[in-house]
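Down below is the structure, laid out as structure tokens.
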Amino acid sequence: MIDKTWGSAAEAVADIPDGASLAVGGFGLSGNPIALIEALLAQGTTDLSIVSNNCGVDDWGLGILLNAKRIRKMTSSYVGENKEFERQFLSGELELELTPQGTLAEKLRAGGSGIAAFFTQTGVGTQVAEGGLPRKYDGSGGIAVASPVKDVRSFDVTGEPHDYVLEEAIVTDYALVHALKGDRHGNLIFNKAARNFNPLAAMAGRVCIAQVEELVEPGDLDPDCVHLPGIYVHRIVEVGGDIEKRIERRTVSVTEAPSRDIPEGA
């Protein structure tokens, strides 16, 4: 039997070297593989190039690696919840490849599917295709590295020609993901919104490391319920169902109290 389980998060990430590229699951703070991120922080790995929808917040998720200045480059679609991210980017300490969200998802999926590149309409007519988006500042307000011009071609897909921009797939050295359940073969089930970028990140990593809340035996998962087959997963670590999960922005609905007017003559 292929048993992909590892004893701890620290053991599972121990061979990730300085300068590695990582695809990391999560959307906001939902589905963050926090145990693996904390283990990576503890072992001191640095100069990382990370592909993830966002970079957590200042004190949680990928934000803890950012605060420790372990990240060299981020490839993301949204970075607006992290003040330290803004500071490092504008000061020239951090490189950022800003990518439309759906395009980022497809770049990861394509990488995991053996597709080298694809054409999409997203970004046509903008700096995404035309180049010039700041990727790194020089610390004095100038642009040290700008995004390149991308190939744009016309295709007749819907009965009339439209322009499409070429986007290259993403493959990383490692992937870090969080799942609700997994078996020893690496088959994974994600919980609702925590599914987000996790399956895509897993597909894109040459070595995928998954933390799961519950580890079960092969055959215990209904095959029809498996969201990601074990072929994409190489290491699996059980972290328990009581692992801390933070909410990025807690909101509550405001409802009016029921009327307690006393009718006349009562």
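When VAL124 is tested against (1) under 25 Å from ALA202 (Cβ atoms); (2) in contact with an Asp or Glu (Cβ under 8 Å, 6 or more places away or on another chain), only condition (1) is not met.
Counting only residues that are β-branched (Val, Ile, Thr) and more than 14 Å from TRP6 (Cα to Cα), which one in segment 211-260 is surrounded by the most Cβ atoms within 10 Å (Cβ to Cβ)?
If we filter segment 211-260 for residues that are β-branched (Val, Ile, Thr), which is where we start, we get 212, 216, 226, 231, 233, 236-237, 239, 243, 247, 251-252, 254-255.
The next check asks that each one be more than 14 Å from TRP6 (Cα to Cα); those that pass are 226, 231, 243, 247, 251-252, 254-255.
Working: VAL226: 16, ILE231: 11, ILE243: 12, ILE247: 9, THR251: 6, VAL252: 5, VAL254: 5, THR255: 6.
Looking at residues that are β-branched (Val, Ile, Thr) and more than 14 Å from TRP6 (Cα to Cα), I get VAL226.
Here's a check for you: in segment 59-72, which residue that is in a loop (DSSP other than H, G, I, E, B) and touching a Leu at 6+ places or on another chain (Cβ under 8 Å) is nearest to ALA20 (Cα to Cα)? In this case the residue turns out to be ARG70.
Looking across segment 127-168, the residues that are under 27 Å from VAL24 (Cβ atoms) and open to solvent by 60 Å² or more (accessible area, probe 1.4 Å) come down to GLN127, LYS136, ILE143, ALA144, PRO148, GLU168. Here is the figure for segment 54-113: residues that are without any contact (Cβ under 8 Å) to a residue 60 or more places away in the chain, open to solvent by 50 Å² or more (accessible area, probe 1.4 Å) and over 17 Å from GLU38 (Cβ atoms) total 11.
Restricting attention to segment 13-43, the residues that are part of a loop (DSSP other than H, G, I, E, B) and open to solvent by less than 30 Å² (accessible area, probe 1.4 Å) add up to 9.
The values are calculated or read from the model by the stated rules, or taken from the named source; none is laboratory data. Small disclaimer: the values here were computed from a predicted structure and weren't measured. Neighbour counts run over all protein chains shown; Cβ positions are idealised from the backbone, glycine included. All accessible areas refer to the heavy atoms of the entire protein, side chains included, with ligands and DNA or RNA removed. Shrake-Rupley method; radii C 1.70, N 1.55, O 1.52, S 1.80 Å.
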